Amino acid sequence: MDSAVGMDGTEQYPSNDASEPGMSARPRILVVDDDRLVRELACDLLLEEGYPVEMALGAGQALEMLRHASPGHFHLVVLDLYMPGMSGQEALPEILALCPDIKVILMSALDADSDIKSLLRPGRVGFICKTRFFDSFVPKVRQMLSEP
C-alpha cells in the first residue's frame with residue numbers, strides 16, 4: 001500500500017473520498033494501532049471497501065488528530081486496546097467526550113473479558129478479537145456504521 005506522511009507525522013492513504021462531483025461521501029475511519037502490520041492490514045481492507053482512512057500510531061496521536069479535526073470529520077475509530085503509553089482503554093472516554101457522535105471498534109488479541117465487556121456500548125462501542133480479524137473486521141465496520 002502506498003502512503004505519504006503528512007506534516008503532523010500521520011500516515012495518509014489515498015481514499016475514495018467524495019471530492020468528485022456525483023460521488024457519495026463515505027464515512028471516514030481512523031485506525032489506531034501501534035503494530036504497523038495490523039494498521040496497514042486494516043487500512044488495506046477498508047480501502048478495498050471504499051472507505052477513506054487515516055492512521056495514528058498510538059492513542060495520544062489519535063486524540064490530537066481528533067482534537068484538530070473538524071466536527072464530523074471521522075465517523076469511526078478502530079482502536080487497539082493495548083498499546084505502549086496511553087492504552088486504548090484510557091483513551092476511549094476522551095474519544096467519546098471529544099466526538100459525541102463517533103463510533104469506536106475496540107481491538108485486542110485477547111477475547112472479550114469482563115473488563116472489555118464493561119467498555120462496550122451497543123451501537124457506539126463494539127469489539128473484535130484480532131485472532132478472528134479476517135472474518136470479523138469488515139462486517140463489524142459495516143454493522144457499526146449502519147447502526148443509528
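The table for this structure:
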quantity: Of the criteria (1) in a strand (DSSP E or B); (2) out of contact with any Ser or Thr (no Cβ under 9 Å at 6 or more places or on another chain); (3) among the charged types (D, E, K, R), which one Glu54 fails; calculated: (2)
quantity: Residue in region 97-110 that is out of contact with any helix residue (DSSP H, G or I) (no Cβ under 9 Å at 6 or more places or on another chain), of a type outside the set (Val, Ile, Thr) and surrounded by 15 or more Cβ atoms within 10 Å (Cβ to Cβ) present; calculated: no
quantity: Selected residue (only one of Arg132, Arg67 is exposed (fewer than 12 other Cβ atoms within 10 Å of the Cβ) and more than 17 Å from Ile29 (Cα to Cα)); calculated: Arg132
quantity: Matching residues, region 83-96, being out of contact with any helix residue (DSSP H, G or I) (no Cβ under 9 Å at 6 or more places or on another chain) and farther than 13 Å from Val125 by Cα; calculated: Pro84
quantity: Near pairs, Cβ below 7 angstrom, 6+ apart or cross-chain, from region 68-87 (closer than 19 Å to Lys140 by Cα) to any residue that is basic (Lys, Arg); calculated: Phe74/Arg28; His75/Arg28; His75/Lys103; Leu76/Lys103
quantity: Matching entry among Met86, Met144 (being in contact with a Gly (Cβ under 7 Å, 6 or more places away or on another chain), among the aliphatic types (A, V, I, L, M) and surrounded by fewer than 20 Cβ atoms within 10 Å (Cβ to Cβ)); calculated: Met86
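No value in this document is a laboratory result; all are computed from the given coordinates. In this text, all values refer to a predicted model and were calculated from it rather than measured experimentally. Positions of Cβ are backbone-derived with ideal geometry, glycine not excepted, and every protein chain shown enters the neighbour counts.
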